[in-house]
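Asker: Shown below is the structure under consideration.
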Amino acid sequence: MKDGDLILITDMQNVYTAGQPWACLDTEAAARRIAGLCDKAEGCGKDIRIAVTKFMPPEDPHGTWADYNVQYADINSNDWMNELLPDIQPLAERYPVYSKSVYSSMSIPALRDAALHAGRVVITGVVAECCVLFTAIDLIDLGCKLVYLTDACPGFTREKEAAAELVLSGLSPLHCLLMTTAEYEAE
C-alpha cells in the first residue's frame, strides 16, 4: 500500500454470487479479501482513498444496450440482485458509491478525476474479463498507473480470469502491476 493509492471496488453486487445468473468464481471470498484490504488501508496511516461502483441498467439505452435491457429485464428489475454484497455494504456507507450503466468505471467524471489525481489505482471487483478489464484499459489510456489484484477480480471462469490477466500482463510493469492482495498489503 502506498500513499496516494485509490482502491476501486467494481460492481460487487449479489447477481455475481454463487447460484445467481452471472455468478463469478469465488465472488464471496473476493469480497471478504476486498473488505479486509480496505480495513487495513483505513488503519495503515497512509493517504489511501476508496471508491465503489455499482452497475445499473441504462435508463435510456441506445444500440445494443437496448437489447441488453430486454434480455436482462428480470435481473435489471431485481433489487436484491443489484444490491452490493454484504461484505461491501459497510464500505459503501463510508466511501463514495458511483452508479454506472456501461462497463468502464471511467465513464463517471468524478471517478475519472479521482483516478487522474491518484498515485495509482488499485482495481478490484467483477467481472474480471468485462467491467474490470474495460476499466483497466481506460485507466491505462488515461495515463494512470494500475495495480490489478488477481485474487480480488473474479471472472466467470478461470480461463476468462487468466485471459484478462494475460492482456494486462502484456502492459506490465510500465502501465500495470499484477499482484495478490497479500502482496499489495505487504508493499
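The values are calculated or read from the model by the stated rules, or taken from the named source; none is laboratory data. No experiment lies behind these values; they were computed from the predicted model shown. Neighbour counts run over all protein chains shown; Cβ positions are idealised from the backbone, glycine included. SASA here: full protein model, heavy atoms, side chains in, ligands and nucleic acids out. Shrake-Rupley method; radii C 1.70, N 1.55, O 1.52, S 1.80 Å.
Asker: Restricted to the range 107-145, and to residues that are among the acidic types (Asp, Glu) and over 15 Å from Leu171 (Cα atoms), which residue is most open to solvent (accessible area, probe 1.4 Å)? Full working, then the answer.
Answerer: Of the residues in the range 107-145, the ones among the acidic types (Asp, Glu) are 113, 129, 138, 141.
With the extra rule that they be over 15 Å from Leu171 (Cα atoms), the set shrinks to 113, 129.
Details: Asp113: 81, Glu129: 43 Å².
So the residue we want is Asp113.
Asker: List the helices (runs of 4 or more DSSP H) that sit entirely inside the range 23-87 and contain at least 2 residues that are at pLDDT 95 or above. Even if it seems obvious, please write down each step before you answer.
Answerer: Details: elements: 27-43, 64-71, 73-76, 79-82.
Where helices (runs of 4 or more DSSP H) fall fully within the range 23-87 and carry at least 2 residues being at pLDDT 95 or above, they are 27-43, 79-82.
Asker: Right, here's the next one. Quick check on my filter: what residues within the range 114-142 are over 22 Å from Arg33 (Cβ atoms) and not in a helix (DSSP H, G or I)?
Answerer: His117
Asker: Taking into account only those residues within the range 171-187 that are open to solvent by 40 Å² or more (accessible area, probe 1.4 Å) and in a helix (DSSP H, G or I), which is nearest to Glu28 (Cα to Cα)?
Answerer: Among them, the one singled out is Ala182.
Asker: Do we have any residue at all in the range 88-97 that's among the β-branched types (Val, Ile, Thr), crowded, with 17+ Cβ neighbours inside 10 Å and closer than 16 Å to Ala30 by Cα?
Answerer: Yes, the range 88-97 contains a residue that is among the β-branched types (Val, Ile, Thr), crowded, with 17+ Cβ neighbours inside 10 Å and closer than 16 Å to Ala30 by Cα.
Asker: Now for a separate question. Considering only residues that are in a helix (DSSP H, G or I) and of a type in the set (S, T, N, Q), which ones fall in the range 88-110?
Answerer: Gln89, Ser105, Ser107
For (1) open to solvent by 50 Å² or more (accessible area, probe 1.4 Å); (2) under 24 Å from Ser104 (Cα atoms), each residue gets a yes or a no:
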residue	(1), (2)
Thr27	no, yes
Arg32	yes, yes
Cys38	no, yes
Asp47	yes, no
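Asker: Tally time: how many residues in the range 153-170 are open to solvent by 60 Å² or more (accessible area, probe 1.4 Å), free of Cβ contacts under 8 Å to residues at least 60 places away in the same chain and not charged (D, E, K, R)? Please lay out each step first, then the result.
Answerer: If we filter the range 153-170 for residues that are open to solvent by 60 Å² or more (accessible area, probe 1.4 Å), which is where we start, we get 156, 158-160, 166-167, 170.
Now narrow it down to the ones that are free of Cβ contacts under 8 Å to residues at least 60 places away in the same chain: 159-160, 166-167, 170.
From what is left, the residues that are not charged (D, E, K, R) are 166-167, 170.
Residues meeting the conditions: 3.
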